[in-house]
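No value in this document is a laboratory result; all are computed from the given coordinates. In this text, all values refer to a predicted model and were calculated from it rather than measured experimentally. Reconstructed Cβ throughout: ideal geometry from the backbone, glycine too, with neighbour counts over all protein chains shown.
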Amino acid sequence: MKVWAALLLAAGLSTSATAQEANESPSISEIRVHLYYTLSGVLSENVLDPRREREFAGWNVIIGEGDAREPADDLLVDVVVQTGGHDFIDVPLVIWVTNGEGETIGSRTVRTMLTSDDGVVHNPLWLENVGCAGTLTFNARFRGQHRTAELELACGE
């Protein structure tokens with residue numbers, strides 16, 4: 001009898017933990033930005049990574065200067081949405097980027113998402129010819145949440 005009680009208690013705890021994970025509301029966990037390096041065809045590290053020792057220097061990245069390892073004029077915006085586990089999300093995520101004048105230079109609406117078993121899904125937006133765009137503001141809106149990030153990509157002598 002005690003064995004059954006222990007099994008039922010363990011099953012209840014397991015069910016509670018699973019229910020708690022499933023009830024975690026999906027949210028934007030971060031906005032990442034990666035330069036596309038034209039010589040090697042690879043992406044840079046996340047230039048907005050908060051663990052960087054200092055802010056990314058985006059001066060003359062089109063010729064590989066600043067903190068760019070090589071020339072880059074395009075970039076990939078990656079909006080990461082996270083929940084408590086594997087989930088199908090049927091709520092739109094809106095991603096848009098504006099320049100210093102407030103003009104939208106790129107946008108995307110992701111209508112549905114399927115998260116990994118770890119509860120993560122990456123949502124990309126590709127931007128072309130922005131290596132000298134000046135101040136870029138990255139925006140993401142999802143379930144009443146609005147996140148922003150900024151990056152300066154300026155050029156000159």
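Remarks
- Approximate spin-label separation Phe88-Ile63, in nm, with each point projected 7 Å along Cα-to-Cβ: 5.3
- Loop-located trypsin sites (Lys or Arg not before Pro) in the range 41-119 whose Cβ has at most 16 other Cβ within 10 Å (DSSP): Arg51, Arg52, Arg54, Arg69, Arg111
- Estimated FRET transfer efficiency when R0 is 25 angstrom, pair Glu103-Glu24 (beta carbons, to 0.05): 0.10
- Sum of -39500 (n - 2.57) over DSSP H runs of 4+, divided by residues of the chain (222 nm, nearest 500): -5000 deg cm²/dmol
- Cα-based shape type of the chain, given that a ≥ b ≥ c are square roots of the gyration tensor eigenvalues and the cut on a/c is 1.5: prolate
- Using a Förster distance of 25 Å, the FRET efficiency for Arg147-Leu39 (Cβ separation, nearest 0.05): 0.20
- Computed from Cα atoms, the angle from the helix 2-23 axis to the main principal axis of the chain rounds to 30 degrees.
- Pair Asp117, Glu70: separation of 7 Å Cα→Cβ label points (nm): 3.5
- The range 25-44-the range 82-127 distance, computed between alpha-carbon centres (Å): 12
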